[in-house]
1. In the set SER255, SER241, which member is in contact (Cβ under 8 Å) with a residue 40 or more places away in the chain, of a type in the set (S, T, N, Q) and farther than 18 Å from ASN397 by Cβ?
2. Please specify each residue of region 321-358 satisfying the condition of being of a type in the set (Gly, Ala, Ser) and either in contact (Cβ under 8 Å) with a residue 24 or more places away in the chain or closer than 20 Å to ALA447 by Cα (or both).
3. Being among the aliphatic types (A, V, I, L, M) and farther than 19 Å from GLN89 by Cβ is the filter here, so list the residues in region 136-153 that pass it.
4. Kindly evaluate SER440 against the criterion of being closer than 18 Å to PRO203 by Cβ, of a type in the set (Ser, Thr, Tyr) and either part of a strand (DSSP E or B) or in contact (Cβ under 8 Å) with a residue 40 or more places away in the chain (or both).
5. Filter region 72-110 for residues that are β-branched (Val, Ile, Thr) and in contact with a Leu (Cβ under 7 Å, 6 or more places away or on another chain); which is surrounded by the most Cβ atoms within 10 Å (Cβ to Cβ)?
6. PRO385 versus (1) without any contact (Cβ under 8 Å) to a residue 12 or more places away in the chain; (2) closer than 22 Å to GLU186 by Cα: which is the lone unmet condition?
7. Where in region 46-120 are there helices (runs of 4 or more DSSP H), lying fully within it, with 3 or more residues that are at pLDDT 90 or above, under 26 Å from ALA250 (Cβ atoms) and out of contact with any strand residue (DSSP E or B) (no Cβ under 9 Å at 6 or more places or on another chain)?
8. When you check LEU305 against the structure, is it modelled with pLDDT of 95 or more, in the same structural domain as ILE227 (by TED's automatic domain parsing), under 19 Å from GLU417 (Cβ atoms) and not in a helix (DSSP H, G or I), yes or no?
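The values are calculated or read from the model by the stated rules, or taken from the named source; none is laboratory data. Because the structure is a prediction, the values reported are computed rather than measured. FYI the Cβ positions are ideal-geometry reconstructions off the backbone, even for glycines, and counts take in every protein chain you see.
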Amino acid sequence: MSDRAKALLLAVLVFVSACTTAADTTTTSAVVETTAGTEEPTTPPVMSGETDQTWTIEDHLAWFLTLLNGADVTAEVYEERFAQVFRDQVSFTDFTPLIDQIAAGSAGWEVIDTETSGSTNLVVLIAPAGGEPVIRVLMNIDGDRRIDGLFLQPGEPPVLDDPPETYDEAFGRLAALGTAGALVAETTDGSCVPIAEMLSRMPLPLGSTFKLYVLGAVADAVAAGDIDWDDPVTLTETTYSLPSGITQNAEPGSSVTVQELAKRMIEISDNTATDHLIALVGRGAVEAIQSEMGHSDPSLNIPFLTTRELFQLKLGDDSALDAFVEGDVDTRREVLAELASTPLPDLDSAAAFTEPVAVLSAEWFASPLDLCAAWLYLAERSTEPGLGPIVGITTTNPGLPDETGTWGQIWFKGGSEPGVLATSWYMTADDSRSFVVAGSVVNESEAFDQTEAILLFGAIRDLLAMEVSS
């Protein structure tokens, strides 16, 4: 991958991590069904004072493109264009340098494809005159016709300039980034049969991949009749977390269904949705489900952290982190109980979270083989009456596009934080065979190139696809 591509990808990912978007604009399957044509909208006038109630979402998109093409924006116009909920997450001083970084070295940005479009939301692909890079823009406006959601992601995924030709080569390149474990396995008769592996039994940090265990606990509670997918969950301010996700932007006291929270948790790795599900089923239920899901050492995740607690430990007072790291299970529970009355760190603290912090001691852990077992559990449960939604929850986001066309279904969950990158796929082939690719890289000393790591895991998935389809 070129330095320019890496720089742009970084800019886009930073923008994504800082921004928010409405629930119905996170994927093309969730937005409104009507599809507009690709005629480019006219550029609206720059207004001042009250919001122009005639603005359409197409007007806002056209205005956004003028920024990428060199137009200036003032703080006053920024306030007019963007809703308060967005400006609370992305200040004017944060917005302008990100736009400049994305636009740097490119001109003539325009819409090249419209995926979906409605009266309040749209998903389009944009690119400069040279055709590269392509950025996917998801935009949403509120009832006052201000932008309350803007989500940017690479429209065309980055690629490795020199993809590995063998599993061993890929494993070696992952190991060069830090301590790495990986597994390529076929799932046969309820077991994971390794095809290729590297430290596949070593517990490693998971990042947000731990959310598979939360989904397992939710599915178990649904199967037991304790909750239903359609049950509304009231959002509680003390259970809010930091992004990624969108649920943190909803008003406390509003409600979201269990199924929608689970979908957000897996599809966009929504932290606040995750923590509400943990609160709903109980921390103990998530701790207990690990054994049923085949985790080889559940004690590594007891007490089971919420995302809010992880942020509080790593971005808050060092004394709490030290007590947690050095304490036994009872002490750790006491530390977490004290955090319940501690404020959530602010977004500025999160933005400064760029280097590894206690990645080997305050995290969630599982081995690649544990992750394979977790996927087998979820796949089996999804066939039970009432648990079919598991499939839709886990297959909306494939992690990386399937360029090979080998897989009938791709179930995915990954996770990261500075110094950690984990990923896992459960895939079915047209001949009904199923496979898992899972692994993690950790470097406790320094942040590594996570893009390189995820692309290497993707290359491993592609090598498997070639074997399966041959």
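1. Numbers: SER255 fails: in contact (Cβ under 8 Å) with a residue 40 or more places away in the chain.
Every option except SER241 fails the conditions.
2. Restricting attention to region 321-358, the residues satisfying the condition of being of a type in the set (Gly, Ala, Ser) are 323, 327, 337, 340-341, 349-352, 358.
Those that are of a type in the set (Gly, Ala, Ser) and either in contact (Cβ under 8 Å) with a residue 24 or more places away in the chain or closer than 20 Å to ALA447 by Cα (or both): ALA340, SER349, ALA350, ALA351, ALA352, ALA358.
3. First pass over region 136-153, keeping only residues among the aliphatic types (A, V, I, L, M): 137-139, 141, 147, 150, 152.
Result: no residue meets the conditions.
4. On the way: closer than 18 Å to PRO203 by Cβ: yes; of a type in the set (Ser, Thr, Tyr): yes; either part of a strand (DSSP E or B) or in contact (Cβ under 8 Å) with a residue 40 or more places away in the chain (or both): yes.
It is true that SER440 is closer than 18 Å to PRO203 by Cβ, of a type in the set (Ser, Thr, Tyr) and either part of a strand (DSSP E or B) or in contact (Cβ under 8 Å) with a residue 40 or more places away in the chain (or both).
5. Looking only at region 72-110, we keep the residues that are β-branched (Val, Ile, Thr), and these are 73-74, 77, 85, 90, 93, 96, 99, 102.
Still in the running and in contact with a Leu (Cβ under 7 Å, 6 or more places away or on another chain): 73, 99, 102.
Numbers: VAL73: 17, ILE99: 16, ILE102: 21.
The residue in question is ILE102.
6. Among (1) without any contact (Cβ under 8 Å) to a residue 12 or more places away in the chain; (2) closer than 22 Å to GLU186 by Cα, the lone unmet condition for PRO385 is (2).
7. 75-81
8. Taking the combined requirement at face value, the residue satisfies it.
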